[in-house]
Amino acid sequence: MQTNFNTTGIVNDELKNLMVRLQDQTARKEDYIIPSMDLLSLNTDYGRESVFSDRAENYPRSFLRVEGSGGLRTKEFAINDHALGQVATDLDIPVRALRNIRQNQKAQEHMDQVVTELFQARSDKKKMLRTFASTESSPIANRDGTLRAFVSSGFKPFDNVDLMAAVLPSMNESVADWKVVRGDISETKMYLQLKSNKIEGAGANVRDIMALGIGLSNSEVGAGSISLYQMLWTLVCLNGMQRGYKHAERHLQTAKNTETWEMLKDETKALDNKATAAKMSDIVEELSKPESFENLMEEMRIAGQDKLGDGSAATAASAIDKVVEVVKLQKSDSEGVLAGLMDTLQQDGYRGEPVSRATIANAITAHAHKVDIDRRPEFETAAGRVLDLSPNQWERLVA
């Protein structure tokens, strides 16, 4: 069933493309509750092409076979990389081992048997299988589709279209005049980020014009929560930083809550989703108000006055490795953040100014443009951590 979105005020090509992909995925989604894991078996095929992440390349492909029961026929699903990792985690097998062993066909045959026996040993566990059905353009060797998630039977399916339907009406009617900056779907998550065309102000200095932003993300496959958060956008470069309020709701239940969730009728689960949607709508409405923006701007102004050491570019460049470590990025990100610093020092609001907390935060978000979409939130939140560093932590960066 197609979901209709009222997006008159905020629609652009970015949002249109995202919505087309959402509608296509929604049409292909199929979920199965497997009453017993002894109905499952694993086999690996070395003779066909991979369809993981829409790539056509030679690669061993694992398939999950589900024996027919309760009137349903036997089905077989190609397992994408994310779901294979979930299978490994569920069976207490090192994920890397299960992935790497596929390079050795004979070893994989033994592993398939081990996995199947482990399934049988857990016959009392129920699982939810989230799949995409095959299409004519992607027949997956005439099998039944792609397994995209192997999750608990207590998984709450509040899906991407549910989140969009909940928040877009509030955004569309907001005085903030929201416009979409980014809309992406990866194998595991959906992201939507918007900026206000009306709620703007000076950040680190009078030339550093920033705008209020709002972001949302969701994972239909157990890779993250339903999230809404405030953002700040630097307009000259559209670097985005997560800052201010954040709200998250879990898909995965605790063991106790899973038992309760399984007792609920479908109608009751639908009411629970309706309540979640109403909360998301209310939160978006509140985050769209200008009152909190001025508080965020004051943080940036203070950050703009807090120099890093002597404020020179050379001092900042020498401190990048420590910055990357203290804000919990990967060591390999240092080069990219340094490039982001050089870019930042050439833009309005930072050119000719001493390097400050605000400069470093912007340097981190500058590199977010160049990383995989599933890593962007790391950089957007890491930039906020720069503003939260204690005076001692800040001073130690150049010690």
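The values are calculated or read from the model by the stated rules, or taken from the named source; none is laboratory data. Note that the structure is a prediction, hence the values are computed from the model and not measured. Reconstructed Cβ throughout: ideal geometry from the backbone, glycine too, with neighbour counts over all protein chains shown.
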Number of positions in the range 190-223 that are on the phi < 0 side of the Ramachandran plot and not in a strand (DSSP E or B): 10
Conditions (1) in contact with a helix residue (DSSP H, G or I) (Cβ under 8 Å, 6 or more places away or on another chain); (2) modelled with pLDDT under 85; (3) under 21 Å from residue 107 (Cβ atoms); number of the one not met by residue 43: (2)
Yes/no for residue 97 being part of a helix (DSSP H, G or I) and either under 18 Å from residue 252 (Cβ atoms) or assigned by TED's automatic domain parsing to the domain that holds residue 275 (or both): no
Hits in the range 318-340 (condition: farther than 19 Å from residue 372 by Cα and within 30 Å of the chain's Cα centre (by Cα)): 319, 320, 321, 322, 323, 325, 326
Residue check for residue 67: in contact with a helix residue (DSSP H, G or I) (Cβ under 9 Å, 6 or more places away or on another chain), modelled with pLDDT of 80 or more and under 26 Å from residue 37 (Cα atoms): yes
Residue under evaluation residue 288, criteria (1) modelled with pLDDT of 95 or more; (2) among the small types (Gly, Ala, Ser); (3) buried (at least 17 other Cβ atoms within 10 Å of the Cβ), criterion not met: (1)
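Only one of 236, 175, 221 is among the aliphatic types (A, V, I, L, M), under 22 Å from the mean Cα position of the chain (by Cα) and not assigned by TED's automatic domain parsing to the domain that holds residue 385. Can you tell me which?
Details: 236 fails: under 22 Å from the mean Cα position of the chain (by Cα); 175 fails: under 22 Å from the mean Cα position of the chain (by Cα).
Being among the aliphatic types (A, V, I, L, M), under 22 Å from the mean Cα position of the chain (by Cα) and not assigned by TED's automatic domain parsing to the domain that holds residue 385 holds for just one of 236, 175, 221, which is 221.
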